[in-house]
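First the structure, in the form of structure tokens, and then the observations on it.
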Amino acid sequence: MRFSKKNFLLGAALLFLGTALGFGLGNFFGAAPLIGCRENDLTPVPDTEFLTPAPSSVPAVSQPPAPPEKWVCLTFDDGPSKNTRPILEILDKEQVPATFFVCAQDANEKYLPLVADIAAAGHQIALHSATHQYSKIYASTDAFWQDIRTLRQALEPYVDVAAIDWLRFPGGSTNTVSHRYGGNGIMKTLKAQAEDKGYHWIDWNVCAEDATASHPDAAQILRNIRRDADGQDTCVVLLHDTKATGQTVKALPDMIAYFREQGYNFCTVAQMDALQCETK
């Protein structure tokens, strides 16, 4: 299964002929989530510029407005893990692309070769953290970027690291736990530095809560997602790929079915961003 940017954009262009996207993605590419997996208060604004007056020689026909397009990015943090392959099998069966924000912790070491499989299947590889230990990575801005360098080095045998320019800050871009170690301004500084270094970063606006202490089952994970996605035309879903998130694997087929029933199109984070740029 491969999801090329060229084919994705061509298909999307045909799909949108005569309609407008109106993502409003600038609201959360580089936007701040409410930490704790609460809703991100994103409100995409439909683009109605295509609604031009009918020519005077042709009678105007009253038609209902076209519904806005709906897009969803499934994103998996903290992998790869023993659950990566089952996740890939489901995504392959359903022909759904996803984005994996990967780590290189001790728990990941024996699973790192799976990064090559993720990339080979056409999914997006993005950066998360090498250690994911807040006290270390947020001790200073230098400590954070050293962590990213360590992660990139760990990924080099398996993927083209030079092509990876997306990241997700552990805890999100407005986490406050980092203040304990690097001061109140560390996240603001890191976001500016990330952009200066050529990185794109993204948070989420839908959370499965699959890595919380409550250890939700598959049914509860699906309810969490449905709750957060309700009323949103563009969803970035926070999921986790760890040894403890087997229930996420169980929920994934129903999750995909739900978004399809609601009229969503699936894409990676990079594909969504590229599509937005193409339509500007």
*asked:* Quick check on the range 114-122. Is at least one of its residues surrounded by fewer than 17 Cβ atoms within 10 Å (Cβ to Cβ), in contact with a helix residue (DSSP H, G or I) (Cβ under 6 Å, 6 or more places away or on another chain) and assigned to a helix (DSSP H, G or I)?
replied: no
*asked:* Here is a check on your reading of the model: is Pro97 at negative phi, open to solvent by less than 30 Å² (accessible area, probe 1.4 Å) and not in a strand (DSSP E or B)?
replied: yes
*Would you confirm whether any residue within the range 81-88 is open to solvent by 10 Å² or more (accessible area, probe 1.4 Å), basic (Lys, Arg), more than 20 Å from Tyr199 (Cα to Cα) and not in a helix (DSSP H, G or I)?*
yes
_When you check Ile125 against the structure, is it closer than 19 Å to Val236 by Cα, surrounded by 18 or more Cβ atoms within 10 Å (Cβ to Cβ) and either of a type in the set (S, T, N, Q) or within 19 Å of the chain's Cα centre (by Cα) (or both), yes or no?_
yes
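The values are calculated or read from the model by the stated rules, or taken from the named source; none is laboratory data. Just so it is clear, the model here is predicted, and its values are computed rather than measured. Quick reminder, even Gly has a Cβ in these numbers, built from the backbone with ideal geometry, and neighbours come from all protein chains shown. The accessibility values were calculated without ligands, DNA or RNA, using every heavy atom of the protein model including side chains. Shrake-Rupley method; radii C 1.70, N 1.55, O 1.52, S 1.80 Å.
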